[in-house]
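I'd like to ask some things about the structure below.
Where a number appears in this text, it was derived from the coordinates with a stated rule and is not lab data. Note that the structure is predicted; figures quoted are calculated from it, not measured. FYI the Cβ positions are ideal-geometry reconstructions off the backbone, even for glycines, and counts take in every protein chain you see.
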Amino acid sequence: MWRKFRIAVLLLILLIVAANTWFDRLYSTDWSNPLSVAIVPANGDGSATAERYVRQLTADAFQPIETFFAEEGMEYGIALDRPVRVLLGSQVRDLPPMIEPGTGRLGIMLWSLRARYWAWRIDGPPGTEVKLFVLYHDPRQTPALQHSVGMQKGLFGIVHVFADRTMAGSNDTVIAHELLHTLGATDKYGPDNLPRLPDGYAEPDLQPLYPQSFAELMGGRIPVSARQAEIPESLDQVVIGPTTAAEIGWAQ
């Protein structure tokens, strides 16, 4: 009897979690109101450079992200002046659980559960729907960054960027990319990090096809030849393609 009761309670909890996840996904891509996104910064490598950078951050630093989504939203008929509203949260000291390269499927599942619990425990600014934990690294101390992730389950992302003002534009691109992962957008590049044609190209019908001038956000890079692509310097060199727009509820 007690075992049946415990199973019933567990099933009820799973049902509630599933329902909350479904409603989160539904409302996050409804676009009848602006999507409130919290940027929660952290010193990702413990360096003095990253600490200074994080302490000097202001909400205005992320204005290019809001502007990007406003301009791209207009292209798809989104009737909001500001589809995405970015709020700056307080610096977090408790860093997220990390996933080691080569981790198997079971390990990834366990990491996902730990990461969701970690993100759930940390409060963002009131009223935010998505939390992006942005971990800043000194490029001299950490020249190669860990892979960033955006989780649709839990509506949060763990984003690794550089604590360097000259890289703020490319940082914004990474943040916007992971934000769209939380909304259901998929990567549009291959194992070689080259954008996939056609969905990962900003202008797949361009003649001649190369060089492209823009990156598709989920394609990640600007294709300059069939075997070479460049990281965009800022969101001014990025667009949201029709497949990505459909994935986030901007198009059919």
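Using a 7 Å offset from the Cα along the Cα-to-Cβ direction at both residue 81 and residue 165, what is the distance between the two label points in nm, to one decimal?
2.9
In a Gaussian network model over the chain where Cα atoms closer than 10 Å are linked, find which of 183, 145, 87 has the largest mean-square fluctuation.
The residue that fluctuates most here is 145.
In terms of the Cα gyration tensor, with a ≥ b ≥ c the square roots of its eigenvalues, is region 136-205 rounded because a/c is under 1.5, prolate because a/b exceeds b/c, or oblate? Display every interim value, and only then the final one.
Values: a/c = 2.05, a/b = 1.37, b/c = 1.50.
Because a/c hits 1.5 or more and a/b fails to exceed b/c, region 136-205 counts as oblate.
Follow-up question, since we're still on this one. Given axes a ≥ b ≥ c from the Cα gyration tensor, I'd like to know whether region 124-252 is rounded (a/c under 1.5), prolate (a/b larger than b/c) or oblate. List each step's numbers first, then the result.
Numbers: a/c = 2.11, a/b = 1.24, b/c = 1.70.
In terms of gyration-tensor shape, oblate.
Taking amide H positions as placed 1.01 Å from N in the peptide plane, with prolines and chain starts having none, which residues 5 or more places from residue 87, or on another chain, fall under 5 Å of its amide H?
37, 38, 39
Right, next: For region 146-155, what does the Karplus curve 6.51 cos²θ - 1.76 cosθ + 1.60, with θ = phi - 60°, yield as ³J(HN,Hα) per residue in whole Hz, taken in order and with x for Gly and Pro?
The phi angles translate into 5, 6, 7, 9, x, 10, 5, 6, x, 6 Hz.
Once both labels are modelled 7 Å past Cα along the beta-carbon direction, what's the residue 108-residue 246 spacing in nm?
2.4
How high is the FRET efficiency between residue 228 and residue 146 when r is their beta carbon distance and R₀ equals 30 Å, given to the nearest 0.05?
Numbers: r = 24 Å, r/R0 = 0.81.
Efficiency at R0 = 30 Å is approximately 0.80.
Okay, moving on. What residues qualify as long-range amide H neighbours of residue 157, i.e. H under 5 Å apart, gap of 5 or more or another chain, H built at 1.01 Å from N?
131, 132, 133, 151
Only Cα pairs under 8 Å and at least 6 apart count here; give the relative contact order of the chain as a rounded whole percent.
Numbers: 439 pairs, mean separation 46.1, N = 252.
Relative CO of the chain lands at 18 percent.
Got a sec? How would 35, 209 order by Cβ neighbour count within 10 Å, fewest to most? Mind showing how you got there, number by number?
Numbers: 35 24, 209 14.
Least to most surrounded, the residues fall as 209, 35.
Compactness ratio of region 187-252: Cα Rg over 2.2 N^0.38 Å, N = residue count? Can you show the working numbers first?
Working: Rg = 11.0 Å, N = 66, 2.2 N^0.38 = 10.8 Å.
Taking the Cα Rg and dividing by 2.2 N^0.38 Å, one obtains 1.02.
Once R0 is set to 45 Å, what does the formula 1/(1 + (r/R0)^6) return for the Cβ-Cβ distance between residue 209 and residue 59, expressed as a FRET efficiency to the nearest 0.05?
Numbers: r = 39 Å, r/R0 = 0.88.
Computed FRET efficiency for residue 209 and residue 59: 0.70.
Okay, moving on. Given 197, 84, 240, which one lies farthest toward the positive end of the charge dipole of the chain, if we put +1 on the Cβ of every Lys and Arg and -1 on the Cβ of every Asp and Glu?
84
When N counts the residues of region 22-184, how does its alpha-carbon radius of gyration compare numerically with 2.2 N^0.38 Å, as a ratio?
On the way: Rg = 15.6 Å, N = 163, 2.2 N^0.38 = 15.2 Å.
For region 22-184, the normalised Cα radius of gyration comes out at 1.02.
Can I ask one more? So what's the angle, to the nearest 10 degrees on a 0 to 90 scale, between helix 105-121 and the longest Cα principal axis of the chain?
The answer is roughly 80 degrees.
Ranked by Cβ crowding within 10 angstrom, fewest neighbours first, how are 197, 135 ordered?
Details: 197 13, 135 24.
Ranking 197, 135 by Cβ neighbours within 10 Å, fewest first, gives 197, 135.
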